Amino acid sequence: MRLLKELEQKTAMELGEELHRFAANLSLICRSITGDGLRQTLAAIQSRIPLEISEVPTGTQVFDWTVPKEWNIRDAYIKDASGKRIVDFQTCNLHVLNYSTPIHTTMSLRELWPRLFTIPERPEWIPYRTSYYQESWGFCLSHNQMQALVEGEYEVCIDSTLTQGHLTYGECYLAGRSTDEVLISCHICHPSLANDNLSGLTVATELAELLAGRDLRYSYRFLFIPGTIGAITWLSRNCENVRRIRHGLVLTGIGNESGFHYKKSRSGNAEIDKAMAQVLRDSGAAYELLEFSPYGYDERQYCSPGFNLPVGCLMRTVWGTFPEYHTSADNLDFIKPDRLAESLRVCASLVDVLENNRRYRNLSPYCEPQLGKRGLYRSTGDQAIEAEINARLWLLNLSDGEHSLLAIAERSGLSFEMIRDAAEVLRENGLLAPVSELGTNGSLDAAAGNIAEVTSRG
Ligand SMILES: [Zn+2]
């Protein structure tokens, strides 16, 4: 499978605009960690990929946490004395402190003041604030809007419900030849935030759509979940199954104009960490690799010590480090079609590495085999041909059944694609044979580091 090659048939603009359109379709939904906004979002994803939707009742104990009450909202506003809506949920769903309890009353500006949230340093922007686990209510507005408020009485209304209900999440499972899994997880709980929410789920949906119906080496599990509580809930219901996860990636904040940041898994040297480093190096994009830290997105839960799963996190800008983070400026203009397309390509390239990363054994290991007589050695001085020959020599040298293609790419400094192509040529010429990898229980032995004997000849 060469997923990246297939994507190259579309221009970055065509691909990017498709991705951006899907994000735009979802941008007005008022999402939260529970409620109908989540269901609407999952229904839109389900219209494109097979998605199993789970509803977990309020009050369900999930490790040290409890599934909260379900929150829904119809309307919210602050009206001035003339009856004019001066803060209106209908114009921007960030205006309400997410998870606000219902209220309908009249109060003075002095009483209302402590319930208002703004960003004084960015007076035009509306902050995104939540109060999931402490019942409260409030409004978020631009600092300019707040400054314009005059003394007097205000009608305050939040037409919300916070009741016994469910936490909703969606799961797309694509069965491969092995029961070993690749986990792709993204949060879907933020209201109209584009980079921190929509970018991840948009790219994940597209990737799942690309993989659906294919002959896959791994099984793939895509999770569309509310942040933190969703991951904790899913993990608590899948304690046994998570051991099948061989590689995992949290996808978030991958639509804006910035280089990539990849945060490594807790172990720091999982195959996903090496694969992502290789993919980013090969992509030609600017990137930085970050060591694991216990703060961030849902990798925090997957990498908690009880699970310690090989899950990293792909972002562009890091959470909390850009001014638009958790504000109304993280909108559809902030995410760029070409950046979404590039992020999808990086994910496709990662799948290519994971699907094709194998170990081979050199079938002619005593001195170099004579490549010239097989038409595999041409000395023309052409750089591309020299790199090709170089890749073949690296493969022949390191294919001792222990070095994977990824390890050979890393050590040689050549791209994974080049190493994989060279392996294919050498296999066709009877010089390399893949190490058998399918063990008992449908698990991939090679991925676990066990070396089986060579069972097939190319
Ligand atoms: Zn966030």
Worksheet item: Among the DSSP beta bridges whose two residues both lie in the chain, what percent are antiparallel, rounded to the nearest 5?
Response: 65
Fill in: region 54-116-region 118-180 distance, computed between alpha-carbon centres (Å)
7
Item to complete: List every residue whose amide H lies under 5 Å from the amide H of LEU290, counting only residues 5 or more places away in sequence or on a different chain, with H placed 1.01 Å from N in the peptide plane.
Response: TYR262, LYS263, LYS264
Worksheet entry | Anisotropy class of region 359-418 from Cα gyration tensor, a/c 1.5 cut | oblate
Item to complete: Report Rg(Cα)/(2.2 N^0.38 Å) for region 75-177, keeping two decimals.
Response: 1.32
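Quick test of the membrane-span-like rule: which DSSP H helices of the chain reach at least 24 Å along their long axis (C-alpha atoms) with mean Kyte hydropathy at least -1.0?
Correct list, ordered by number: 337-356.
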Worksheet entry | Area accessible to solvent at TRP65, 1.4 Å probe radius, in Å² | 90
Worksheet item: Ignoring any ligand, DNA or RNA, what whole percent of the accessible area of the chain comes from carbon and sulfur when the probe is 1.4 angstrom?
Response: 47
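Against the empirical 2.2 N^0.38 Å scaling, what ratio does the C-alpha Rg of the chain come to?
Here the Cα radius of gyration is 1.13 times the empirical estimate.
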Fill in: Length-normalised contact order for the chain - Cα pairs under 8 Å, 6+ apart - percent
16
Item to complete: Can you tell me which of 40-50, 89-99 comes out highest on packing, and rank the rest after it, using the mean Cβ neighbours within 10 Å?
Response: 89-99, 40-50
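Using only the heavy atoms of the protein chains and a 1.4 Å probe, how would SER178, SER267 rank by accessible area, largest first?
Solvent-accessible surface, decreasing: SER267, SER178.
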Worksheet item: On average, how much accessible surface per residue is there in the chain, in Å², for a 1.4 Å probe, leaving out ligands, DNA and RNA?
Response: 42
Practice prompt. Using the Karplus curve 6.51 cos²θ - 1.76 cosθ + 1.60 with θ = phi - 60°, work out ³J(HN,Hα) for each residue of region 309-321 in order, rounded to whole Hz, and write x for Gly and Pro.
Written response: 7, x, 10, x, 9, 9, 9, 9, 6, 7, 3, x, 9
Worksheet entry | Cα point-scatterer Debye curve for region 142-211, base-10 log of I(q)/I(0) at q = 0.24 Å⁻¹ | -1.15
Practice prompt. Sort the following peptides by mean Cβ neighbour count (other Cβ atoms within 10 Å, averaged over residues), highest first: 16-27, 331-342.
Written response: 331-342, 16-27
Response to the item:
Taking Rh as the Kirkwood radius computed over alpha-carbon pairs of region 324-367 and applying Stokes-Einstein at 37 °C with viscosity 0.692 mPa s, one gets a diffusion coefficient in µm² s⁻¹ of 231
Worksheet item: Around TYR377, which amide H atoms from residues at least 5 apart in sequence, or from another chain, sit under 5 Å from its own amide H, with H modelled in the peptide plane?
Response: GLY372
Worksheet item: To the nearest 20 debye, what is the magnitude of the charge dipole of region 45-133 about its Cα centre, counting +1 on the Cβ of each Lys and Arg and -1 on the Cβ of each Asp and Glu?
Response: 320
Worksheet item: Dipole size in debye (nearest 20) for the chain around its Cα centre, Lys and Arg Cβ +1, Asp and Glu Cβ -1?
Response: 780
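Under a 1.4 angstrom probe, counting protein chains only, how are ASP80, ASP400, ASP64 ranked by accessible area, largest first?
I get ASP64, ASP400, ASP80, largest accessible area first.
The values are calculated or read from the model by the stated rules, or taken from the named source; none is laboratory data. As the structure is a prediction and not an experimental result, all values here were calculated from the model. Note that we place each Cβ from the backbone using ideal geometry, even for glycine, and neighbour counts take in every protein chain shown. Side chains are part of the model used for accessible areas, which takes the heavy atoms of the whole protein and leaves out ligands, DNA and RNA. Shrake-Rupley method; radii C 1.70, N 1.55, O 1.52, S 1.80 Å.
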